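Following: one structure in structure tokens, then a few remarks.
The values are calculated or read from the model by the stated rules, or taken from the named source; none is laboratory data. Quantities reported herein were computed from a predicted structural model and do not represent experimental measurements. No Cβ is skipped: glycine too gets one built from the backbone with ideal geometry, and neighbour counts run over all protein chains shown. Heavy atoms of the whole protein, side chains included, go into the accessibility calculation; ligands, DNA and RNA do not. Shrake-Rupley method; radii C 1.70, N 1.55, O 1.52, S 1.80 Å.
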Amino acid sequence: MKNRLIILLVAGLLMVGLLVNAQPGPAVQDTTVVATPDSTAQDSTMTVTVDDEALLGAGEDPNEQGGFHKQLKRKFVDGNAGFMSLVALALVLGLAFCIERILYLMMSEIKAKKLMEDIRGKLSAKDVEGAKELCRKTRGPVASVCYHGLLHIKQPMDAIERAITNYGGLQAANLEKGCSWIKLFIAMAPSLGFLGTVIGMVMAFDNIQIEGDISPKIVASGMKVALITTIFGIVVALILQLFYSYILSKIEKLTGDMEESAIDLLDAIEQYKHQE
């Protein structure tokens, strides 16, 4: 339940930020100034028109007018804002799942070697309950696997090994929870982009049929939608793929820590049994 709340919260914040940034800026109207020179020329007037670019350029850096942020918003609208919203939604939801997994995996990381040294020390002192309490107070799947193994310490070594292996498999599955959704959005984003390509081509042919003429201006409008949606879809997939690769590396590290700690725990339990 907590993970779902994190996903919804992150998705909501990302979507609100995207919608705010996608809003077009306020339009600047042309300003006309009428000046009458003097009484000898009452019938003549001088009209000065100040265009939008002059007003926008007053006091602003010309480089900022064509900045990346404004260019991105302009391309978003040019690529059919309604259809591009689907690609943006895939990005937002995918990032929400990625951030939730990253936070979960970061919270699951501990100093596994230090934990195993402490457990060995407790077992060497024949303090099984102290070792269990140490595992209970430590977060993460490594401590959970060790605690589950200590619960079966009075059983034969084969039974302890099976219990640790089975419980370790459950913990590994928990680490990968939500990754299937990330893979879904990675595959969905370029598919939506290619769908936009087809829709843009259809729009271009519709315009040609309506106008009855194949001119560059008519074809360009549909081709523009096709290319922009494809670019955005591929970019979204690349962004999510980077996060997904990072998540997989975290999962592999935690899985390796669990396997190494399980082997150390079995050795420690075997030494404990020989002391009895």
Among the candidates 173, 187, 159, 163, single out the residue that is open to solvent by less than 80 Å² (accessible area, probe 1.4 Å) and assigned by the TED database to the domain that holds residue 242. 187
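Looking at segment 180-202, is at least one residue more than 29 Å from the chain's Cα centre (by Cα), assigned to a helix (DSSP H, G or I) and of a type in the set (D, E, K, R)?
No, segment 180-202 contains no residue that is more than 29 Å from the chain's Cα centre (by Cα), assigned to a helix (DSSP H, G or I) and of a type in the set (D, E, K, R).
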Would you call residue 213 acidic (Asp, Glu) and part of a helix (DSSP H, G or I)? no
Taking the stated definitions as given, is residue 168 in contact with a His (Cβ under 9 Å, 6 or more places away or on another chain) and in a helix (DSSP H, G or I)? yes
Exclusive hit being in contact with an Asp or Glu (Cβ under 9 Å, 6 or more places away or on another chain) and more than 20 Å from residue 253 (Cα to Cα), set 184, 134: 134
Odd one out for residue 207 among (1) at pLDDT below 85; (2) of a type in the set (S, T, N, Q); (3) loosely packed, with under 15 Cβ neighbours inside 10 Å: (3)
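With respect to residue 131, is the statement that it is over 19 Å from residue 258 (Cβ atoms) and not basic (Lys, Arg) true?
no
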